[in-house]
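A.B. asks: Before anything else, here's the structure in question.
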Amino acid sequence: MPTPSMLFVCLGNICRSPLAEGIYRHLTAGTSEKPLIASAGIGGWHVGNPPDRRSIKVAAAHGIDISHQRARQVQPSDFQNFDLVVAMDRSNLTRLQALEPATASAKLHLFSALAFGTQQDVPDPYYGEFTDFEAVYSMLFSGCSAVVSKFA
Ligand code: 4NP
């Protein structure tokens with residue numbers, strides 16, 4: 001199976017999905033295929049902004065630079081341009097289901113369902129502490145690793 005293109009989606013596109021994008025790109029960097037990997041937010045509050053400084057910091061602590069990424073909002077065309085659209089939590093998934101055009105070709109997944117076969121949310125760390133970002137990093141790293149081996 002060719003490596004699918006992947007859009008990670010969270011609420012603001014500054015905490016969780018930019019981390020997922022950076023981790024997934026890092027884990028697939030050595031492969032010959034170069035599928036499109038991106039992230040977006042349900043909301044538009046942070047459009048054009050870099051990731052939250054705590055996401056940048058936790059990624060950098062693991063050797064991944066996400067500081068160049070910029071937030072953008074999900075668009076209907078995303079459902080044509082990506083093979084997989086991956087929601088960080090069940091609320092994001094419900095919002096994406098409502099936005100999904102009838103002509104969508106992308107498959108919509110909850111991150112934990114795709115990665116682990118579970119129905120867990122990647123918890124929103126925005127109002128949390130740095131330790132919450134570390135926990136999110138850890139969950140995203142193990143989940144992205146599982147997804148990469150699924151498509152390897
Ligand atoms: P994210 O976290 O969805 O992981 O990027 C959030 C970032 C910003 C807000 C909420 C969640 N906000 O309300 O501005």
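The values are calculated or read from the model by the stated rules, or taken from the named source; none is laboratory data. Since the model is a prediction, treat every value here as computed from it, not as a measurement. For neighbour counting, all protein chains shown are included, and Cβ atoms are generated from backbone atoms with ideal geometry for every residue, glycine included. SASA here: full protein model, heavy atoms, side chains in, ligands and nucleic acids out. Shrake-Rupley method; radii C 1.70, N 1.55, O 1.52, S 1.80 Å.
A.B. asks: Give, as residue ranges, the helices (runs of 4 or more DSSP H) completely inside region 60-152 that count at least 2 residues that are of a type in the set (Asp, Glu).
C.D. replies: 130-151
A.B. asks: A follow-up question, please. Restricting to region 67-99, name every residue that is β-branched (Val, Ile, Thr) and under 20 Å from Thr3 (Cβ atoms).
C.D. replies: Passing the criteria: Val85, Val86.
Results for (1) out of contact with any Leu (no Cβ under 6 Å at 6 or more places or on another chain); (2) over 15 Å from Phe8 (Cβ atoms); (3) more than 16 Å from the ligand (Cβ to nearest atom), shown as yes or no for each residue.
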site	(1), (2), (3)
Arg25	yes, no, yes
Pro35	yes, no, yes
Gly44	yes, yes, no
Phe79	yes, no, yes
Gln97	yes, yes, yes
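A.B. asks: Quick test of your reading of the structure: Val74 fulfils all but one of (1) touching an Asp or Glu at 6+ places or on another chain (Cβ under 9 Å); (2) within 13 Å of the ligand (Cβ to nearest atom). Name the failing condition by number.
C.D. replies: It fails just one condition, (1).
A.B. asks: Which one of Ile64, Ile56 is without any contact (Cβ under 8 Å) to a residue 60 or more places away in the chain, within 17 Å of Glu134 (Cα to Cα), surrounded by 17 or more Cβ atoms within 10 Å (Cβ to Cβ) and in contact with a His (Cβ under 9 Å, 6 or more places away or on another chain)?
C.D. replies: Ile64
A.B. asks: Looking only at region 104-116, decide whether some residue is touching a Leu at 6+ places or on another chain (Cβ under 8 Å), more than 16 Å from the ligand (Cβ to nearest atom) and more than 19 Å from Asn13 (Cβ to Cβ).
C.D. replies: Checking region 104-116: at least one residue is touching a Leu at 6+ places or on another chain (Cβ under 8 Å), more than 16 Å from the ligand (Cβ to nearest atom) and more than 19 Å from Asn13 (Cβ to Cβ).
A.B. asks: Here's something else I'd like to know. Would you be able to say whether some residue in region 8-25 is basic (Lys, Arg), open to solvent by 10 Å² or more (accessible area, probe 1.4 Å), at pLDDT below 95 and not in a strand (DSSP E or B)? It would help to see each step written out before you state the result.
C.D. replies: Within region 8-25, the first condition is being basic (Lys, Arg), and the residues that meet it are 16, 25.
This time we only want the ones that are open to solvent by 10 Å² or more (accessible area, probe 1.4 Å), so: 25.
Those left that are additionally at pLDDT below 95: none.
For region 8-25, residues basic (Lys, Arg), open to solvent by 10 Å² or more (accessible area, probe 1.4 Å), at pLDDT below 95 and not in a strand (DSSP E or B): absent.
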